[in-house]
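The structure appears below as structure tokens.
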Amino acid sequence: MKIAITTTVPVEVIYAAGHVPVDLNNVFVSHPERERLVEEAELAGFPRSFCAWVKGIYGAAREMKDLGALVAVTQGDCSNTHGLMETLQSEGMEVIPFAYPYERDYGLLRAQMEAFMRRLGVGWSEVEGALRRLDRVRRRAHRLDELTWKEGLVTGMENHLVLVSCSDMEGDPEAFARKLDGLLVRAAERAKDRHFPRARDMVRLGYLGVPPMAPELYDYLEALGARVVYNEVQRQFSLPFRTADLVEKYRRYSYPYSIFYRLRDIRRETRRRGLDGLIHYVQSFCFRQVEDIILRRSLSLPLLTLEMDRSSRLDARTRMRLENFVAMLRRRKCP
């Protein structure tokens, strides 16, 4: 059975139960008619002043006829998920709730996982076996992330796609692992190619916030001579934590918790990766827009805030702002 998810959840439980997780975010953003999915949600009654991501997820869920259930994160994700969950439930879809405790309490998180496991009929032994299986794949993603910022052999777009796909392993961990192995081989070949642009010679950027509605952002930045070498939330999807404790792994995962916990990871990676500047992506009509205030107060690097609504393309104004930002950082880097 295919089980839809709307954000990263313990997919080990889904795989242990013999089911296939499907991240509706990835289905939506890779769909050739993304804007049509948003429009179909509005035709169903979703207001225009509502997050386009959620509307797109609704459209993607409606279009996939073989979904058996939806895991809805009721705490630790966008509050609009509640409306999405209830709307799909009213249309006959089975909904499985899951919550991340705000204070990152280990006992409460373990209780949520065990409730999730009971719902899918599996125990700890099966789930821990799935964890070992998925961690073997995650280690490849972590190596590719390292090759992005440390050796400059992976582009920002490739980094984004690898890490964002770790949320569901594209429904087939072994096939996904083979895809990552292929990219590792290409990266090794690039090490011998003097013409491949290295990150050390470019403006080094960090990308903060949810993955973009318009992934062409990465290639446009590369054309400007800048590379994203830190994808904050996407990296978190890969669970880059050295622990074999499943509960602790998702307790360290920063996205569902407070902005102050996320800031610890952002500061650490900003220093480690030698960033020149930051781009903070915010989605229109999302409560996380307010976090931009805290990020600006808390981080010392130049920060450009990009807000997008429903368009899957970069408009002329956004392109100009990116061009000016990169030019400013280049002057600071090489006065």
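The values are calculated or read from the model by the stated rules, or taken from the named source; none is laboratory data. Fair warning: this is a prediction, and the values are worked out from it, not measured in the lab. Methodologically, a virtual Cβ is constructed for each residue, glycine included, from the backbone with ideal geometry; neighbour enumeration extends over all protein chains shown. Quick note on the areas: whole protein, heavy atoms, side chains included, nothing else; ligands and nucleic acids left out. Shrake-Rupley method; radii C 1.70, N 1.55, O 1.52, S 1.80 Å.
Taking the alpha-carbon centroid of each part, what is the distance from segment 32-58 to segment 267-335 in angstrom?
26 Å
Gain in length, Lys192 to Tyr261, computed as 0.36 nm per residue apart minus the alpha-carbon separation, to one decimal in nm?
Here the answer is 20.9 nm.
Expected output is a single nm value to one decimal: the length gained when fully extending between Ala175 and Arg268, i.e. 0.36 nm times separation in residues minus the C-alpha distance. What is it?
30.3 nm
Among Tyr207, Tyr250, Tyr261, which one shows the highest mean-square fluctuation when the chain is modelled as a Gaussian network with alpha-carbon springs under 10 Å?
Looking only at Tyr207, Tyr250, Tyr261, the biggest GNM fluctuation is shown by Tyr261.
About its Cα centre, how strong a charge dipole does the chain have in debye, to the nearest 20, once Lys and Arg get +1 and Asp and Glu get -1 at the Cβ?
The dipole magnitude comes to about 1720 debye.
When the helix-only estimate is applied to the chain (DSSP H runs of n ≥ 4, each -39,500 (n - 2.57), divided by the residue count), what is the mean residue ellipticity at 222 nm, nearest 500 deg cm²/dmol?
-16000 deg cm²/dmol
Output the 0 to 90 degree angle, nearest 10, between the alpha-carbon long axis of helix 34-43 and the longest principal axis computed from the alpha carbons of the chain.
The answer is roughly 50 degrees.
Of Arg252, Arg297, Arg34, which has the most accessible area with a 1.4 Å probe, and how do the rest follow in descending order?
Arg297, Arg252, Arg34
Any chance you could give the angle, 0 to 90 degrees and rounded to 10, that helix 52-63 forms with the longest Cα principal axis of the chain?
50 degrees
On the accessible surface of the chain, probed at 1.4 Å, how many percent belong to carbon and sulfur atoms?
Ligands and nucleic acids excluded, carbon and sulfur give 51 percent.
Segment 208-335: D in µm²/s via Stokes-Einstein (Kirkwood Rh, Cα pairs, 20 °C, 1.002 mPa s)?
After rounding, the answer is 136 µm²/s.
Which translational diffusion coefficient, to the nearest whole µm²/s, is obtained for segment 115-245 from the Stokes-Einstein equation, given a Kirkwood hydrodynamic radius over C-alpha pairs, 37 °C and 0.692 mPa s?
Estimated diffusion coefficient is 208 µm²/s.
Mind grabbing the accessible area of Ile5 for me, 1.4 Å probe, Å², rounded to tens?
Its heavy atoms expose roughly 0 Å² to the probe.
Which residues does the label zone of Lys333 cover in segment 179-213, counting backbone N under 15 Å from a point 7 Å along Cα→Cβ?
197-207
Over 31 Å between C-alpha atoms is what I'm after, so list which of Lys150/Lys179; Lys65/Lys150; Lys65/Lys249; Lys55/Lys333 land there.
Over 31 Å apart, Cα to Cα: Lys65/Lys150; Lys65/Lys249; Lys55/Lys333.
Only residues of segment 11-25 count here: report those whose backbone N is under 13 Å from the spot 7 Å along Cα→Cβ of Glu63, or say none.
24-25
For segment 1-86, what size does the Cα cloud have along each of its three principal axes, sorted from largest down, in whole Å?
Sorted from largest, the Cα extents of segment 1-86 read 39, 28, 19 Å.
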